[in-house]
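Single-structure report; data block below.
No lab work stands behind these numbers, since they all come straight from the coordinates. Quick caveat, the model's predicted, so the values are computed rather than measured. Heads up, the Cβs are rebuilt from the backbone with ideal geometry, glycines too, and the neighbour counts pull from every protein chain shown.
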Amino acid sequence: MPQSLARIWLHITFSTAGRRAYLQNEELREEMFRMLSHHAKEINCPPVRAGGWIDHVHILCGPARTVSVAKLLEHLKTETSKWIKRRACDLSDFHWQAGYGAFSVSQSAAPQVIDYIERQAEHHRTLSFQEEFRLICQKHEIEIDERHAWD
């Protein structure tokens, strides 16, 4: 077959360093989601949805065939960190956590992940990021080491 084709969806999530509530301002938070989408698209990883809450983000995107997950995350975190520090001078100490979660999503499950990302404010009324991340890892049968999961 001379043509290479792929349809892979990733649900990516990561928090701010120490899960600090850097994204409390709703306008800034929405801009962050747009910037995450912009920078994913910039390296040919088409974003479907970006969202999150005051201390973390979620992105559903399709990674380019030539971009590793690590490279995608490095690009997203670096570019959005630079952007937010320019955008809000009171956030000069802004940092993302070192780690991330990246989970495969089937085409048929993509609508549920989109809905999940859109309802972040609703379910974070009763659930912390750590609890949410543990549940996502359980769903994907990934065991996390609590000693190294949070920074």
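What the table below lists for this structure:
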quantity: Residue selected from the range 32-46 under the condition part of a loop (DSSP other than H, G, I, E, B) and of a type outside the set (A, V, I, L, M, F, W, C), by the criterion nearest to Arg119 (Cα to Cα); calculated: Pro46
quantity: Positions within the range 4-58 being surrounded by fewer than 13 Cβ atoms within 10 Å (Cβ to Cβ) and either without any contact (Cβ under 8 Å) to a residue 12 or more places away in the chain or among the hydroxyl-bearing types (Ser, Thr, Tyr) (or both), in sequence order; calculated: Ser4, Leu5, Glu26, Glu27, Lys41
quantity: Filter pass, Pro2 being in contact with a helix residue (DSSP H, G or I) (Cβ under 8 Å, 6 or more places away or on another chain) and part of a loop (DSSP other than H, G, I, E, B); calculated: no
quantity: Residue pairs meeting the criteria (Cβ under 7 Å; at least 6 apart or on separate chains; first on the phi < 0 side of the Ramachandran plot, in the range 105-129; second surrounded by 15 or more Cβ atoms within 10 Å (Cβ to Cβ) and of a type in the set (S, T, N, Q)); calculated: Phe129/Ser15
quantity: Scope the range 67-97; condition in contact with a helix residue (DSSP H, G or I) (Cβ under 9 Å, 6 or more places away or on another chain), closer than 24 Å to Phe133 by Cβ and aliphatic (A, V, I, L, M); matching residues; calculated: Val67, Leu72, Leu76, Ile84, Leu91
quantity: Count of residues meeting criterion [among the charged types (D, E, K, R) and either in contact with a His (Cβ under 6 Å, 6 or more places away or on another chain) or surrounded by 16 or more Cβ atoms within 10 Å (Cβ to Cβ) (or both)] in the range 98-133; calculated: 1
quantity: The one condition in (1) within 20 Å of Lys139 (Cβ to Cβ); (2) touching a His at 6+ places or on another chain (Cβ under 8 Å) that Ala17 fails to fulfil; calculated: (1)
